[in-house]
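Here is the structure we will look at, set down as structure tokens.
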Amino acid sequence: MAATSLTPGTAATARPRVLRRVLWAFQVLFGLFLIVASALPKFAGQKDAVETFAQIGWGQWFRYVTGAVELAGGVGLLVPRLAGAAATGLVGLMIGAALTQILVIDPVWALMPIGMGVVFALIAWDRREQTRDLVRSLTR
């Protein structure tokens, strides 16, 4: 039997590249979703958003804060250097969203932020070196 060697371009190195491309696709899709379908309706005062935040009971100011966090996270996902940090922050936002769904609104809808949070956690893990580099550059 011949020994196999792992050289660049083999299946062992192709897997991380495929995973990175898949994660980039999710980053773009979720980034655009957060900007267009989630943050903008909150800023525009869409009826559903206003009613949801009234139901939460923290006031409409919280709708604007949530929209700003979603907008920043969505833009961050689209900027390679910021993607890991944005994904990390969005994990926290999704935890809050899931808890709000479970405790205040409708527990079934908690599955969406939980699923998004898992994807954001994978992105944050994959981009952890870039996030470390970003933090180092800010502390110098």
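The values are calculated or read from the model by the stated rules, or taken from the named source; none is laboratory data. Remember, predicted model here, so these are calculated numbers, not experimental data. As a convention, Cβ positions derive from the backbone with ideal geometry for all residues, glycine included, and neighbour counts pool all protein chains shown. When the accessible area is computed, the model is the full protein with side chains, heavy atoms only, and any ligands, DNA or RNA have been set aside. Shrake-Rupley method; radii C 1.70, N 1.55, O 1.52, S 1.80 Å.
So the values come out like this:
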item: Hits in the range 25-49 - residues which are part of a helix (DSSP H, G or I), open to solvent by 50 Å² or more (accessible area, probe 1.4 Å) and not small (G, A, S); result: F26, V28, L29, L32, F33, V36, L40, F43, K47, D48
item: Whichever residue in the range 50-104 is open to solvent by less than 60 Å² (accessible area, probe 1.4 Å) and either in contact with a strand residue (DSSP E or B) (Cβ under 9 Å, 6 or more places away or on another chain) or of a type in the set (S, T, Y) (or both) and, among such residues, is farthest from E129 (Cα to Cα); result: T52
item: Which numbered condition W61 misses (of (1) under 18 Å from the mean Cα position of the chain (by Cα); (2) farther than 26 Å from V18 by Cα; (3) of a type outside the set (A, V, I, L, M)); result: (1)
item: Test: residue in the range 62-80 that is modelled with pLDDT under 95 and in contact with a Lys or Arg (Cβ under 9 Å, 6 or more places away or on another chain); result: yes
item: Test for L138: is it at pLDDT below 95, part of a helix (DSSP H, G or I) and either basic (K, R) or open to solvent by 70 Å² or more (accessible area, probe 1.4 Å) (or both); result: yes
